[in-house]
Every structure is written in structure tokens, then in C-alpha cells.
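Right, I'll just put the structure down here and ask away after.
Any read-out appearing in this document is the output of simple, stated calculations on the displayed coordinates, not a laboratory observation. All of these numbers come straight from a predicted model, not from anything done at the bench. Here the Cβ is made from the backbone with ideal geometry for all residues, glycine too, and neighbour counts use every protein chain on show.
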Amino acid sequence: MLTAEELERLYAEYRPRVLGYIRARVAGWQAEDLCQDVFERAFRAAAQYDPAKAAPGTWLYAITRNTVINHLRRFRPTAELPEALADESAVEDGLLGEETLEELAAALEGLPPEMTDVIVLRYWDGQPLTAIAQTLGFSYGAVKLRHQKALALLRPLLES
């Protein structure tokens, strides 16, 4: 269970990341609305949060991902997704750390959703592959393979 103070810290720390994640998938003003929905859901579900099951960032990412999926199911996008992400800190080291967020967003659009999720969890939330496997419900080997394939697909897109 999260206290009111912990929820405020969570909001302050993760709002830019949540908004950036949503903006990579949803165009325009809807991203702001969905970001607000994510934190409303998090505040309402704070009593059910179990720190033994997941870190606060992982828990919030699951809420964010589910909110975006539900939105996209209800409202099929008719326009291109924006190429820019809001949060420069969303991507960090190695191959991905040297790219601009616009380049990364464009490259991620070409990946299958399960690979995008692995890349976002790895570099947005900084999770190790073992935690990603637990979050997504896949085996460690499956996540490691998806991570390697995603990086192999991203490399030529980001180098050009």
C-alpha cells in the first residue's frame, strides 16, 4: 500500500516518463488526458499495491501500458503517431543512449509490440531482463531473445 506522500513522489518522478511513453503511442491532446487517467487509476489502486510483487515504477508502467492499450482498442488511431517523446531521460545507455528521442520513436514504430515493451522496460524503467520477464509473464530466455532481436532491428534504423 502506498501512502499519500509516496503517491505524490511517484507522480513527481514518473509523470514525465509516463507522458513520454503515452505520447509515443497516442497523438495530440489525448496523451495528456491518458496521463491523467493513469495517475487517477494509480491513486485509486494504491491500496492494492504490493511492494513484494513489483517496484512502484513497474506497477505504474503496467497501469500506463494497460491504459494505452484500452484507449487504442476503443479509439483506433487514424493519424500517424507522433515521432517525438517528451522525456530525454527515457533512453539511456549504449546504442540507444546516443540517439535523439525523435529517431528512437520513429525506430520503435517499426518494432512488434512485444519487442517495444521489452525496450521500453529496459531503457525507460531501467529494469533488468529478469524483472522484465516477470512483468510481461515470459521466460527469461524469451525476453533475452526479444531484447537481442529488437536491438538488432533498431541498430540499422538508428545508424542511418
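Kindly indicate which of L2, L34, L10, L19 is farther than 27 Å from P113 by Cα and surrounded by 13 or more Cβ atoms within 10 Å (Cβ to Cβ).
L2
Is it true that V26 is farther than 12 Å from L60 by Cβ and surrounded by 21 or more Cβ atoms within 10 Å (Cβ to Cβ)?
Yes, satisfied.
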